[in-house]
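First up is the structure itself, then whatever we jot down about it.
The values are calculated or read from the model by the stated rules, or taken from the named source; none is laboratory data. Owing to the predicted nature of the structure, the values given are computational and were not obtained by experimental measurement. A quick note on method: Cβ atoms are made from the backbone with ideal geometry, for glycine too, and the neighbour counts reach across all protein chains shown. Quick note on the areas: whole protein, heavy atoms, side chains included, nothing else; ligands and nucleic acids left out. Shrake-Rupley method; radii C 1.70, N 1.55, O 1.52, S 1.80 Å.
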Amino acid sequence: MAQMNMIQAINSAMDVMMERDPTVIVLGQDVGYFGGVFRCTEGLQRKYGEHRVLDAPIAEGGIVGSAIGIGVNGLRPVAEIQFADYIYPGFDQIVSELARLRYRSGGEQSSPVTIRTPCGGGIRGGQTHSQSPEAIFTHISGIKTVMPSNPYDAKGLLISAIESNDPVVFFEPKRIYNGPFDGDPDKPAVPWTTHPKGEVPRDYYTVPLDKADVVRSGSQLSIITYGTLVHVAQSAAEQAGVDADIIDVRTLAPLDVETLVKSVQKTGRCLIAHEATRFSGFGAELSATIQENCFWHLEAPIERVAGWDTPYPHAFEWQYFPGQKRMIAGINRVMSHG
């Protein structure tokens, strides 16, 4: 089995699907000759040609709109938005056209578009290159929303997204493109080659779009999270000395409620963590879901650890990022009850 970082795994997913299915095409800014701003599409244009890997102007609405039209006419487009911060010019196309196409046409038409976009902070990108807008897209009916936490899942989930007959917004946490990150910016960077989920098959495989992953099994607390914070949660739980169930949501919509509920009913305590801002963040939906299904099993109030309700700062990035200290403090608050 090959060792890959997340960039290589995402590249491999598109390569495998373009090899298997001639209707799969890639489009976006600099995805061709340049290979993408993070090199996720490197080599694809050289291998599959300019008719299947298309460089687009700096016009996100045009990229999404073109992908919708291409998808309606029988192809499977994979569109790249260079940073999730820039997806908003294409937002109306996603909400008003892409998400509703199947419903609007009574099932006669669909557009199997996958929109890939790097998200989150940790690379000193400041307020214009660090946002995590995933919660906004989970609110839109007709779209699947995905965020992997490791190379193995990234490849399997992206192949499933490309094969989906309904649109998928695929968020890629860029802080963990090159290696896992436990939330301590002062530690040396760790490559994916030292992590079990850095082992990625070169060939075709899928990870289902409706199934959460139990990263670690425990009995005292359920930590429900996704993306970069999966790794922060693992480190924080170990440092706090708590035997925690750690659940990687992976696909935010549709949500695997069964796995989440089963975990919290077992442990009786729940901490929800994400990098995006707390107010109206996806953690609010997770919290409501747990409360509705696990109220009589809870031994403590549900705790949320998230980014602050401010634009992502440049100078104080690590004060904004919900790292180990805030995660451990959250764990201690949950465990202090009862």
Equivalent ellipsoid semi-axes - Cα gyration tensor, the stretch 221-287, angstrom: 18, 15, 10
Over the stretch 20-85, one equal point on each Cα, no solvent: what is log10 I(q)/I(0) by the Debye formula at q = 0.13, 0.19, 0.28, 0.29 Å⁻¹? -0.31, -0.66, -1.28, -1.33
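Given a 1.4 angstrom probe, what's the average accessible area per residue across the stretch 176-241, in square angstrom? Walk me through the numbers on the way to the answer.
On the way: 2990 Å² over 66 residues.
Ligands and nucleic acids excluded, the figure is 45 Å² per residue.
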Which order, highest average first, do 304-313, 103-112 follow once you tally other Cβ atoms within 10 Å for each residue and take the mean per peptide? 304-313, 103-112
Amide H partners (placed H, <5 Å) of ALA2, local residues excluded: VAL200, ARG202
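Using 29 Å as the Cα-Cα cut-off, could you pick out the over-long pairs in LYS144/LYS262; LYS144/LYS325; LYS47/LYS211; LYS211/LYS266; LYS144/LYS197?
Numbers: LYS144/LYS262 23 Å; LYS144/LYS325 32 Å; LYS47/LYS211 33 Å; LYS211/LYS266 19 Å; LYS144/LYS197 23 Å.
As for pairs spanning more than 29 Å Cα to Cα, those are LYS144/LYS325; LYS47/LYS211.
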Whole-Hz Karplus couplings 3J(HN,Hα) for the stretch 134-149, θ = phi - 60° and coefficients 6.51, -1.76, 1.60, Gly and Pro as x, run 4, 4, 4, 7, 5, 7, 9, 5, x, 10, 9, 10, 10, 8, x, 10
Go through 127-135, 15-23 and give me the packing order, highest mean Cβ count within 10 Å leading. 127-135, 15-23
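Considering all projection directions equally, how large on average is the shadow of the alpha-carbon convex hull of the chain, in square nanometres? Walk me through the numbers on the way to the answer.
Working: hull surface 65.4 nm².
Approximately 16.4 nm², given one-decimal rounding.
Could you check how much of the accessible area of the chain is carbon and sulfur, as a whole percent, using a 1.4 Å probe?
Values: 7160 of 14080 Å².
The value for the chain is 51 percent carbon and sulfur by accessible area.
Starting from 0.36 nm per residue, how many nanometres of slack lie between ASP309 and ASP243 once their C-alpha separation is accounted for?
Details: separation 66, 0.36 × 66 = 23.76 nm, distance 3.00 nm.
Working it through step by step, the gained length comes to 20.8 nm.
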Which percent, to the nearest 5, of DSSP beta bridges fully inside the chain are antiparallel? 20 percent
What residues have an amide H closer than 5 Å to that of VAL26, excluding those fewer than 5 places away on the same chain, when H is modeled at 1.01 Å from N in the peptide plane? VAL53, LEU54, VAL78
Zero-based 10 Å bins, Cα pair distances in the stretch 136-176, whole percents: 29, 53, 18
Environment charge of ARG102, counting only residues whose C-beta is closer than 10 Å and scoring Lys/Arg +1, Asp/Glu -1: 0
Based only on Cα atoms, what Rg/Rh ratio does the stretch 146-279 have, Rh being taken as Kirkwood's radius? 0.96
